[in-house]
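The values are calculated or read from the model by the stated rules, or taken from the named source; none is laboratory data. Because the structure is a prediction, the values reported are computed rather than measured. Cβ atoms come from the backbone with ideal geometry, glycine included; neighbour counts cover every protein chain shown. We work out accessible area using only protein heavy atoms, side chains counted, and drop any ligands, DNA or RNA first. Shrake-Rupley method; radii C 1.70, N 1.55, O 1.52, S 1.80 Å.
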Amino acid sequence: MLRRAVDNPREAAGTDMTPPHDNTATHPGRAAPLGASLTRSGTNFSVFCPAATAMELLLYAEAEAADPAAVIALDPGVNRTDTYWHVEIPGVGHGQVYAWRVARADTDGFRGDPEKVLLDPYARAVANADAWDRAAARRPGANGPTALRAVVVDPQLYDWEDDAPLSRPAGRELVYELHVGCLLYTSPSPRDHS
């Protein structure tokens with residue numbers, strides 16, 4: 001998975017970002033794939049969040065903006081499939097900066113803070129890294145200006161710098177799986193290593 005910090009999402013995109021849209025311009029979207037994936041008409045956003053009671057997708061005009069330019073409230077009857085929340089937004093494309101806000105019920109002693117701006121765990125690129133404040137993320141209350149944000153990435157635009165597959169025949173490949181805990185000599189084991 002390609003995941004990198006982006007200082008200037010507009011520059012990384014190579015074009016101007018599409019302005020955010022309001023709720024009237026959304027489609028239900030699909031649960032898979034997770035993260036932000038480009039569609040023919042825009043971008044599908046999907047995240048796994050089984051305990052969420054409400055979800056909001058935040059779209060930013062700029063990576064450093066303190067407040068989102070648009071807030072898309074997801075409808076659990078339309079934008080939820082089992083434990084996945086999803087929405088498709090036409091016209092949103094490569095370079096769009098976004099984040100999530102989640103509300104959840106107090107089911108296990110942990111209550112999600114609906115004021116927290118959260119990074120998409122499936123993001124391929126991250127923005128606002130210079131302003132990120134871990135302490136603000138841990139404190140109760142809003143953390144919008146100092147939160148990490150995700151960036152929609154078109155994987156087809158990645159510059160492979162003249163790299164190419166090795167072109168080895170399948171019969172000449174060797175796949176070896178190694179579990180480090182079984183390999184380490186110093187790992188605690190009932191076996192005698194002598």
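Under a point-charge model restricted to the Cβ atoms of Lys and Arg (+1) and Asp and Glu (-1), what is the dipole moment magnitude of the range 69-174 relative to its Cα centre, in debye to the nearest 20? Provide the component values of the computation, followed by the final result.
Working: 12 positive and 16 negative charges, 88 e Å.
About 420 debye.
Taking the range 67-172 on its own, what percent of its Cα-Cα pair distances exceed 23 Å? Walk me through the intermediate numbers first.
Working: 2480 of 5565 pairs.
Roughly 45 percent, rounded to a whole number.
The accessible surface of the range 27-132, taken with every protein chain in place and a 1.4 Å probe, is 55 percent carbon and sulfur.
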